[in-house]
1. Just the Cα atoms of the range 81-171: what Rg and Dmax do they give in Å?
2. Given a 1.4 Å probe, how much area per residue of the range 60-107 is accessible, in Å²?
3. Suppose every K and R has +1 on its Cβ and every D and E has -1 on its Cβ; what is the size of the dipole of the chain about the Cα centre, in Debye to the nearest 20?
4. Straight-line reach from Lys5: which aspartates and glutamates have Cα under 19 Å away, leaving out those fewer than 8 places along the same chain?
5. Give me the dipole magnitude in Debye, nearest 20, for the range 8-73 about the Cα centre, with unit charges on the beta carbon: positive for Lys and Arg, negative for Asp and Glu.
6. Using alpha-carbon pairs under 8 Å, 6+ residues apart, how would you state the relative contact order of the chain in percent?
7. For n ≥ 4 DSSP H runs only, could you compute -39500 (n - 2.57) per run for the chain, divide by its residues and tell me the 222 nm figure to the nearest 500?
8. Please compute, over every Cα-Cα pair in the chain, the percentage with a separation greater than 19 angstrom.
Amino acid sequence: MSVQKLNEMLQPLVEDLGYEFVGLEYNTSPKHSVLRIYIDREAGVGIKDCERVSRETAALLDVKDPIKSHYNLEVSSPGLDRPLFTVAHFTEFKGREVKINLFAPQQSRRKFQGLILAASELGVIIDQDGSEVILDIRNIAKARLVPDYDSILAGHKAEKQHKQGQDPARS
């Protein structure tokens, strides 16, 4: 079954459970195929959320039986290096850094990294090393945000100092 058909089957279920269906990856292998579903919600995703979606998804997949071979089902939050699957995802994270792998080479390369400038059904525009690069959305095999660990750590430090009653601006 195609990834698109799996998306069409699983997205309504995940959304009916009250989660954002970020997307899925289906990696086939003769010995170890994996169906990985990414979920999110405003309050964040915990292990109980993943267990709940996994239980419901497994039940639906057992009934519909869209995948004939053996596979492992994984349900996960998108994490700090959030995968981007749709034009809406690229648009939402405009201005953020992204790593993109292509199916077919473009400009003699398959890997790109840069700031997202814009996105449409035609493509994603990134700034890579000061040059605008337009990547065909249909040629994107995988795209993930690059976590900004400096901002994350700075925010964590400020939160910790706030809890201790310190002024983070003075540190």
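1. 16.9, 54
2. Accessible area per residue, the range 60-107: 60 Å².
3. So the dipole magnitude of the chain works out to roughly 520 debye.
4. Here the aspartates and glutamates satisfying the reach criterion relative to Lys5 are Glu15, Asp16, Glu20, Glu25, Glu56, Asp62, Asp65, Glu74.
5. Magnitude of the dipole: close to 360 debye.
6. Averaging sequence separation for qualifying contacts and normalising by length gives 16 percent for the chain.
7. On the way: 4 runs with 53 residues, N = 171.
Here the helix-only value at 222 nm equals -10000 deg cm²/dmol.
8. Details: 9327 of 14535 pairs.
That tail contains 64 percent of the Cα-Cα pairs.
The values are calculated or read from the model by the stated rules, or taken from the named source; none is laboratory data. Just so it is clear, the model here is predicted, and its values are computed rather than measured. So basically every Cβ, Gly included, is an ideal-geometry build from the backbone, and we count neighbours across all protein chains shown. Calculation scope for accessible area: heavy atoms of the full protein, side chains included, ligands and nucleic acids excluded. Shrake-Rupley method; radii C 1.70, N 1.55, O 1.52, S 1.80 Å.
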